[in-house]
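Student: Got a structure here, written out as C-alpha cells. Questions coming.
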Amino acid sequence: MGARTSKQVKDTTGSYSLGGTTDKQVLSQLLDECFDNKNQIPVQKVEMGGTEAYVGSVTLEWFANRVNFASYLPLLRHKYNPQTGNIEIDAESIDEIQQRPIDWSRQSALVQYLVSRKHHKFPPVLVVVNQPWVDIPHAEEWDNKGKARRSAIEFTPLDSKNKFGLLNISDEDVTIYALDGQHRLMGVQGLIELLSARKIQRYKRDKTPYDSFITIDDLVEQFDISQSYLKDIPQEKIGIEFISAVGIGETREEARQRVRSIFVHVNLMAVPLTKGQLTQLDEDDGFSIAARKIAVTHPLLEQREDRKARVNWNSATVATKSTVLTTLQALKEMSERYLGQKYPHWKQEKGLVPKRPESDELSEGIAEFHKLFDYLASLSSYKVLEEEDTPSLRRFSFEKESGEGNMLFRPVGQVAVVQALGVLVFKKELSLEKIFKKLRKFDREGGFNNIEFPKSIWYGVLYDPNRKRILVAGKDLAAKLLIYILGGVQDSVERAKLRSSLAKARTFENKTVNFEGDFVDSKEIALPPIL
C-alpha cells in the first residue's frame, strides 16, 4: 500500500471518532481508491479449519485474464498436457492430482448461459495464490528447516483487528490458480473470447474441436440481446476466495497436502442435485415446469390427506414396496416426449440452458399435458388405484406376494406409452378420444398386464426373461409397437423393420420365442393385430 493510502488510513482512523460527515467522506474516498486500484483487491480475512482465506470480488474480465487452471501449477507442469489443459495421470503424477479433468464440451453451454440469461449467476470460486519462490527450494523465503518465512499472499490490513484490508496482486510474478471453479473459469474465458473474436469453437470433452462455432450474431438473433448488454457483462463481479499456496511456518510438502486436502473436502461436500431435484427447481425448461404442474394439480397424482403420495420427487426409480405411481423425473421425460412433438422449439441442444417458453404457450402446453392425464386416468388399470396400492399391480407374478406385472406402474412403461401418444396426436393427427377408445379395450383385456409372459407383446421388449427384470433399453421399441397397434404405421417398409425388431427382441441365445412360448425361427414372429 502506498504512502498516500497509508496516510489516509491513519487520518480516517484518527478522525472517525468525531462522527462527522467529513469522516464518512474520507472513508468513502479511501474505499473508492481501494476499489479502483486493479493491483489491490479489498478483502475480508476469514479463517476456518486452521486455514486463512481472503474473500472479495473481481470482474469477470479480471477473472478470465488473471486466473489459471489448477493443472498449470509448477508442481505438476512436467505432466501438463497443453492441448487439453489437464494433467496426464501416471504412476508419478497420480499422488499430485488436485483437479478432475476439464470437460471442454461444457464451455459452449456455459458461455451461452452467461450471454442469454439476464439473471445468470456463478457461485464464488476458490483460488490459490502462488509466487515463484514457492517452487525454489533454496529461496531466501525458506528457512534452514525448509519452513516458509512468509506467506505467498501479501495482505495489508486496514483495521486494528487485521480483518479487513487489501490483497496485493501487483507483482507480475504472482500467479493465481482455480482450485474450485475451473469449469466456471473455462466458461468465463470462453465468454471473453466470444466478445473479442465474435465467435468461439465448440469442443468435445477432450478439447478436440468440432466443425461448428457459437457466434455473437446467432446469440443476438436467438435471444434478442442488445450490444450494450454484451458490453457490460465483462465488468460484472464474481465472488472469489483466496488462499495461500504456502503459509508462514509450513514446509512445501505440508502446504501441498493442505491445498490438496481442501480441494477434496470442497468436492466431497458439493453433492450434485439429482435429476428429480433439478426438475423441481428448473424455471426455464418448459417440460420441467409442465411436469411439476401436473404432479401437484392432477387428480391422478396430486397429494391428498386420504391417500399415500403418488410421486417420488427425487429418485429416478420406484422401489418394489413403494406405493408411489411414478417419479418426477419420469413425468419430465413424459412431458418431453409428448409436448416435444408439438413444441419442438422447447428442446435445446444438449448441454445448453433452455429458454423459458412464453407464458401463453406454456399455459397451452400445460393444458395439453393435463388433458392427456385426464385420459390416462380413465384407463381401468389406474381406476383400480382407488382400491389397491401400486406394489401389487407393479410386482411380477414370480415375486413374493405376486402381482399383475402391469407396465403402466413402471416409469419406463409410462414413458413409452406417452411417447407413442405424442406421435399419434401431434404427428399422425389422431384424436385422444379415438385413441383411448382402443386403449381402454386393450387395457381391459389385459394388454398392459403380465408382461413377463410370452403371450405379452412387451415380453423381451420391456421385460428381460433371462434376468427377470425391466428392460429400460426397450422403451423406444415399445413406443413404436404401441403406435403400430393403434393404427399409426401404414408404410410396409416401416412395418417390416418393426417386425424384425420385435423378433430380435424376443430372441435369446439364438432362440426366438413366439407368443405361445415356443421356440421358432425368427421369421415366424408376426406383428400383433391392430386394435
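Each row is one residue, and each column tells you yes or no for (1) of a type in the set (G, A, S); (2) in contact (Cβ under 8 Å) with a residue 24 or more places away in the chain; (3) closer than 30 Å to Y54 by Cβ.
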site: K207; (1), (2), (3): no, yes, no
site: L219; (1), (2), (3): no, yes, no
site: Q227; (1), (2), (3): no, no, no
site: F242; (1), (2), (3): no, yes, yes
site: G249; (1), (2), (3): yes, yes, yes
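Student: Would you be able to say whether some residue in the range 229-237 is out of contact with any Phe, Trp or Tyr (no Cβ under 8 Å at 6 or more places or on another chain), among the polar types (S, T, N, Q) and modelled with pLDDT of 90 or more?
Tutor: Yes: the range 229-237 contains one or more residues that are out of contact with any Phe, Trp or Tyr (no Cβ under 8 Å at 6 or more places or on another chain), among the polar types (S, T, N, Q) and modelled with pLDDT of 90 or more.
Student: Continuing with the same structure: On the given criteria, is S359 hydroxyl-bearing (S, T, Y), over 30 Å from Q222 (Cβ atoms) and over 24 Å from the mean Cα position of the chain (by Cα)?
Tutor: Taking the combined requirement at face value, the residue does not satisfy it.
Student: Among the strands (runs of 3 or more DSSP E) lying completely within the range 157-262, list those that include at least 3 residues that are not hydrophobic (A, V, I, L, M, F, W, C). Full working, then the answer.
Tutor: Working: elements: 164-168, 175-180, 199-203, 209-215, 237-244.
Ranges flagged: 175-180, 199-203, 209-215, 237-244.
Student: For R117, work out the one condition from (1) under 22 Å from Y54 (Cα atoms); (2) of a type outside the set (V, I, T); (3) under 32 Å from the mean Cα position of the chain (by Cα) it doesn't fulfil.
Tutor: (1)
Student: Among the listed residues K475, K455, which satisfies the condition of being touching a residue at least 60 places away in the same chain (Cβ under 8 Å), surrounded by 13 or more Cβ atoms within 10 Å (Cβ to Cβ) and under 26 Å from I435 (Cα atoms)?
Tutor: K475
Student: Which one of D103, D90, D95 is at pLDDT 70 or above and either over 16 Å from E236 (Cβ atoms) or touching a Lys or Arg at 6+ places or on another chain (Cβ under 8 Å) (or both)?
Tutor: None of the other options fit; the residue is D103.
Student: Can you tell me how many residues within the range 375-408 are at pLDDT 95 or above and in contact with a strand residue (DSSP E or B) (Cβ under 9 Å, 6 or more places away or on another chain)?
Tutor: 1
Student: Shifting gears a bit: Where residues in the range 381-400 are of a type in the set (S, T, N, Q) and surrounded by 14 or more Cβ atoms within 10 Å (Cβ to Cβ), which of them is farthest from L432 (Cα to Cα)?
Tutor: In this case the residue turns out to be S392.
Student: Still on this structure: Residues being surrounded by fewer than 19 Cβ atoms within 10 Å (Cβ to Cβ) and either in contact with a helix residue (DSSP H, G or I) (Cβ under 8 Å, 6 or more places away or on another chain) or part of a strand (DSSP E or B) (or both): count how many of those fall in the range 54-67. Full working, then the answer.
Tutor: Initial filter on the range 54-67 (surrounded by fewer than 19 Cβ atoms within 10 Å (Cβ to Cβ)): 55-57, 59, 61, 65-66.
Applying the additional criterion that residues be either in contact with a helix residue (DSSP H, G or I) (Cβ under 8 Å, 6 or more places away or on another chain) or part of a strand (DSSP E or B) (or both) yields 55-57, 59, 61, 65.
Total meeting the criteria: 6.
Student: Now, a different point. Just checking, does the range 130-144 include any residue being under 37 Å from the mean Cα position of the chain (by Cα) and either within 17 Å of S57 (Cα to Cα) or outside any helix (DSSP H, G or I) (or both)?
Tutor: Yes, because at least one residue in the range 130-144 is under 37 Å from the mean Cα position of the chain (by Cα) and either within 17 Å of S57 (Cα to Cα) or outside any helix (DSSP H, G or I) (or both).
Student: Now for a separate question. Let me spell it out: the conditions are (1) buried (at least 17 other Cβ atoms within 10 Å of the Cβ); (2) of a type in the set (A, V, I, L, M, F, W, C); (3) touching a residue at least 40 places away in the same chain (Cβ under 8 Å), and L195 meets all of them except one. Which number is the exception?
Tutor: Single failed check for L195: (3).
Student: Okay, moving on. Among the residues of the range 382-399, is there at least one that is hydrophobic (A, V, I, L, M, F, W, C), within 24 Å of T279 (Cα to Cα) and in contact with a helix residue (DSSP H, G or I) (Cβ under 8 Å, 6 or more places away or on another chain)?
Tutor: Going residue by residue through the range 382-399, those that are hydrophobic (A, V, I, L, M, F, W, C) are 384-385, 393, 396, 398.
Narrowing the set further to residues that are within 24 Å of T279 (Cα to Cα) leaves none.
The answer is no, given that none of the residues of the range 382-399 is hydrophobic (A, V, I, L, M, F, W, C), within 24 Å of T279 (Cα to Cα) and in contact with a helix residue (DSSP H, G or I) (Cβ under 8 Å, 6 or more places away or on another chain).
Student: Turning to a different aspect of this structure: Mind checking whether some residue in the range 430-439 is in contact (Cβ under 8 Å) with a residue 40 or more places away in the chain, among the small types (G, A, S) and under 26 Å from L339 (Cβ atoms)?
Tutor: no
Student: Using the structure shown, decide if K468 is closer than 18 Å to A526 by Cα and surrounded by fewer than 21 Cβ atoms within 10 Å (Cβ to Cβ).
Tutor: It is false that K468 is closer than 18 Å to A526 by Cα and surrounded by fewer than 21 Cβ atoms within 10 Å (Cβ to Cβ).
Student: Is there any pair with a first residue in the range 353-378 that is more than 16 Å from D282 (Cβ to Cβ) and a second that is hydrophobic (A, V, I, L, M, F, W, C) and not in a helix (DSSP H, G or I) whose Cβ atoms are under 9 Å apart and which are 6 or more apart or on different chains, and what are they?
Tutor: Close Cβ pairs satisfying both conditions: F373/L300; F373/L301; D374/L300; L376/L300; A377/L300.
Student: Another one. Looking at the range 130-142, is at least one residue of a type in the set (A, V, I, L, M) and in contact with a Ser or Thr (Cβ under 8 Å, 6 or more places away or on another chain)? Steps first, answer last, please.
Tutor: Initially, the range 130-142 is screened for residues of a type in the set (A, V, I, L, M), giving 134, 136, 139.
Checking the rest, the ones that are also in contact with a Ser or Thr (Cβ under 8 Å, 6 or more places away or on another chain) come to none.
Looking for residues that are of a type in the set (A, V, I, L, M) and in contact with a Ser or Thr (Cβ under 8 Å, 6 or more places away or on another chain), one finds none in the range 130-142, hence no.
The values are calculated or read from the model by the stated rules, or taken from the named source; none is laboratory data. No experiment lies behind these values; they were computed from the predicted model shown. Positions of Cβ are generated from backbone atoms using ideal geometry, with glycine treated the same way; all protein chains shown enter the neighbour counts.
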